[in-house]
Amino acid sequence: MAVLETQELTYTYSEGSPFEKTAVDHVNLRIEEGEIVGVMGHTGSGKSTLIQHFNGLLKPTSGKVLLDGKDIWENKEKIRDVRFKVGLVFQYPEYQIFEETVYKDIAFGCKNMGLDDAEIKRRVFETAHDIGIREELLQRSPFELSGGQKRRVAIAGVMAMNPEILILDEPTAGLDPAGRDKIINHIKNYHNKTKNTVLIVSHSMEDVAGFADKILVMNKSKLFCYDDTKKVFGRSEEISEIGLDVPQITKVFTQLKKQGLDFGKEVYTVGYAKDLLIKNLRERSI
């Protein structure tokens, strides 16, 4: 069942003015419950505008957004409930931290949901543990933490609300390789534990190649493609032509294919490439 669906979704900025621009143009897609979806696109492609429709931050100029089969704008007085079900973590979310302690910052969304103190405490401690925030840090000011720790606190605040759909906009932006790996691993662990639907917006296909079930690519305000990850990477040359960078390992195997070494598979992770090469060498030695 599609947990999230768009029907001819269109959004135009400054409609009717000289600055009118269509940022999302007649997008139709269906995201199934429990999937991890990588959302890709170059700057200005429309991907950020698209995801802001999913929890009602933006209202379509035309078309619909359906959550669990219901138009989220059918009753605008209930749009607040939609935002509890669809949690959105903006790019550089650490800049939105404002509470006195880490505990209060993680608890903020849960308090707005009207949860009792015991349930809030359970969620804060559990989420902090899951995302790698030590218990002794909970009573410290979040402004005393490192950049990577602040990022995890901000993400934890949305995760603690246990949204039906979690959307993260460039969650690894500005982090070093070790910090990126930690964030990605925490997101994977969150998904494995909750089985909730997760959307990750990223410029880097390297970040999502290894664990996304599907890839959604936006280009010039339109849906360029939305398909299983391996099928999307099978279109690596088309992806490169619209300004996105495919993983280095995909580039290597694309060149091998051009030189006559066709492995018959789409390769987009180093681990899979290793297994494929070993299998091929063993078969040749028999």
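Read the figures in this text as sums done on the coordinates, not as results from a lab. What you see is a predicted model; the values in this text were computed from it and never measured.
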Which of these, 41, 157, 114, has the largest mean-square fluctuation under a Gaussian network model of the chain (Cα springs below 10 Å)?
-> 114
What's log10 of I(q)/I(0) for region 27-166 at q = 0.15, 0.17, 0.18 Å⁻¹, Debye sum over Cα points only, no solvent?
-> -0.82, -1.00, -1.08
Under 18 Å Cα-Cα from residue 59, which aspartates and glutamates qualify once same-chain neighbours fewer than 8 residues away are excluded?
-> 5, 8, 15, 20, 25, 68, 71, 74, 77, 81
Going down the table (222/279; 121/195; 193/257; 193/220), which pairs top 31 Å between alpha carbons?
-> 222/279; 193/257; 193/220
Tell me what the chain gives for mean residue ellipticity at 222 nm when only DSSP H runs of n ≥ 4 count, each as -39,500 (n - 2.57), the sum divided by the residue total, rounded to 500 deg cm²/dmol.
-> -12000 deg cm²/dmol
Report, please, the projected area of the chain averaged over directions, based on the convex hull of its C-alpha atoms, in nm².
-> 18.1 nm²
Take the chain, connect every pair of alpha-carbon atoms lying under 10 Å apart with a spring to form a Gaussian network, then pick out the residue of 28, 75, 196 with the largest mean-square fluctuation.
-> 75
Counting only DSSP beta bridges with both partners in the chain, the antiparallel fraction in percent, to the nearest 5, comes to 55 percent
With contacts defined as alpha carbon pairs under 8 Å and 6 or more residues apart, what's the relative contact order of the chain in percent?
-> 22 percent
